[in-house]
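K.L.:
Just passing along the structure, written as structure tokens.
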Amino acid sequence: MAITSGCKDKKSKEQKNPFVTIKSPNNAVNIGDTVEVIVSYSDESGLKNTEVRLSNTSTGADVYDIILRDLEGTWDEIRYSVKVPTGINIQGTNTINVICSDLDGNMTEVNQSFEVGDLRAPFVKVINFDSVNVFNANTGPVIITYEMQDAGGIAEISAKLWETGPSGDLINVRDEVTEQISGAPTTLLTKSISLTNTWQGLLNYSVVLKVTDVSGNVSYSPRPFYVK
């Protein structure tokens, strides 16, 4: 929701402070993305200038961006993108602070908070599906080789073997394996996970990989197959 602020100047009932509307940022921003700033202004006597600050006091980053701009007319808007410098941690609650002055010397100050965090689900892709004996309605194992990556770090990988219906609906879990990933790696990893069970022929199955990152974001990668 955009924040709008404006009030009458105490010196005169006829004079009014500028109106300021913060349109962006007004919600969560993903770590590493640019912060898109959009602020609009209006004033009956004419706009003069604005100062906009972005800050995060919770991580010690404090003010990490500040701009001063002249404004024109009785309505104006500024739009720009902020790329946070490498090495500055702005994760958590941030604040955009806007100060606007008009040609009569009236001033309005508006603050709005927004969150910066890990909002993206991890990447996962099955690259090899080795089912040595499964297609003969025998015992496994089924070995799934996959790639996974997440900018914030991978925490856990799990695989579930489902018996499925003809339309792919999940019916019954036949086997499940979960592996904790140490060190919260952020680079592209290639790993394998193995499921072993006794297979009943003439049925549909699906192996579903689930990857969880350190922020709790989740991605799934299913691989259906049929046992003869």
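The values are calculated or read from the model by the stated rules, or taken from the named source; none is laboratory data. Just so it is clear, the model here is predicted, and its values are computed rather than measured. Don't worry about glycine lacking a Cβ; one is built from the backbone with ideal geometry, like all the others, and counts go over all protein chains shown.
K.L.:
Being touching a Lys or Arg at 6+ places or on another chain (Cβ under 9 Å) and touching a residue at least 60 places away in the same chain (Cβ under 8 Å) is the filter here; which residues of segment 86-102 pass it? Can you show your working first?
P.N.:
Of segment 86-102, the ones touching a Lys or Arg at 6+ places or on another chain (Cβ under 9 Å) are 95-102.
Correct list: 96, 98, 100, 101, 102.
K.L.:
Next question, about the same structure. Any idea which residue in segment 48-71 is nearest to residue 29 (Cα to Cα), counting only those that are of a type in the set (Asp, Glu) and touching a residue at least 12 places away in the same chain (Cβ under 8 Å)? Reasoning before the result, please.
P.N.:
Narrowing segment 48-71 to residues of a type in the set (Asp, Glu): 51, 62, 65, 70.
Filter again for touching a residue at least 12 places away in the same chain (Cβ under 8 Å), leaving 51, 65, 70.
Working: 51: 22, 65: 16, 70: 27 Å.
Filtering first and then ranking leaves 65.
K.L.:
Name the pairs: first residue in segment 72-85 and at pLDDT 95 or above, second residue of a type in the set (Gly, Ala, Ser), Cβ to Cβ under 7 Å, at least 6 apart or on different chains?
P.N.:
Within 7 Å, the pairs are 73/46; 74/42; 74/46; 75/42; 77/40.
K.L.:
Follow-up question, since we're still on this one. Could you count how many residues in segment 179-193 are outside any loop (DSSP other than H, G, I, E, B) and in contact (Cβ under 8 Å) with a residue 24 or more places away in the chain? Steps first, please.
P.N.:
Taking segment 179-193 and keeping what is outside any loop (DSSP other than H, G, I, E, B), we get 179-180, 189-193.
Okay, now just the ones that are also in contact (Cβ under 8 Å) with a residue 24 or more places away in the chain, so 180, 189-193.
Of the residues in that region, 6 qualify.
K.L.:
Hey, another quick one. Is there a residue being at negative phi and without any contact (Cβ under 8 Å) to a residue 60 or more places away in the chain anywhere in segment 113-126? Write out each step before concluding.
P.N.:
Start the filter on segment 113-126 by keeping residues that are at negative phi, which leaves 113-126.
Still in the list and also without any contact (Cβ under 8 Å) to a residue 60 or more places away in the chain: 113.
Within segment 113-126 (the criterion being at negative phi and without any contact (Cβ under 8 Å) to a residue 60 or more places away in the chain), the answer is yes, since at least one residue qualifies.
K.L.:
Next question, about the same structure. May I ask you to verify whether residue 160 is among the charged types (D, E, K, R), loosely packed, with under 12 Cβ neighbours inside 10 Å and under 17 Å from residue 129 (Cβ atoms)? Lay out the reasoning, then the answer.
P.N.:
Values: among the charged types (D, E, K, R): yes; loosely packed, with under 12 Cβ neighbours inside 10 Å: no; under 17 Å from residue 129 (Cβ atoms): yes.
No: the conditions fail for residue 160.
K.L.:
Quick check on segment 194-217. Is at least one of its residues part of a loop (DSSP other than H, G, I, E, B), touching a residue at least 60 places away in the same chain (Cβ under 8 Å) and either among the basic types (Lys, Arg) or in contact with a Phe, Trp or Tyr (Cβ under 7 Å, 6 or more places away or on another chain) (or both)?
P.N.:
Taking every residue of segment 194-217 in turn, none turns out to be part of a loop (DSSP other than H, G, I, E, B), touching a residue at least 60 places away in the same chain (Cβ under 8 Å) and either among the basic types (Lys, Arg) or in contact with a Phe, Trp or Tyr (Cβ under 7 Å, 6 or more places away or on another chain) (or both).
K.L.:
Within segment 170-178, is even one residue buried (at least 17 other Cβ atoms within 10 Å of the Cβ) and in contact (Cβ under 8 Å) with a residue 12 or more places away in the chain?
P.N.:
Filtering segment 170-178 down to residues buried (at least 17 other Cβ atoms within 10 Å of the Cβ) leaves 174-175.
Of the ones still in play, those that are also in contact (Cβ under 8 Å) with a residue 12 or more places away in the chain are 174-175.
Taking every residue of segment 170-178 in turn, at least one turns out to be buried (at least 17 other Cβ atoms within 10 Å of the Cβ) and in contact (Cβ under 8 Å) with a residue 12 or more places away in the chain.
K.L.:
Working only within segment 36-61, note down all residues that are hydrophobic (A, V, I, L, M, F, W, C) and at pLDDT 95 or above. Show your work before the answer.
P.N.:
In the first step, residues of segment 36-61 are kept if they are hydrophobic (A, V, I, L, M, F, W, C); the result is 37-39, 47, 52, 54, 61.
Within segment 36-61, 37, 38, 39, 47, 52, 54 qualify.
K.L.:
Considering only residues that are under 20 Å from the mean Cα position of the chain (by Cα), on the phi > 0 side of the Ramachandran plot and not in a strand (DSSP E or B), which ones fall in segment 43-97?
P.N.:
Residue satisfying the conditions is 87 alone.
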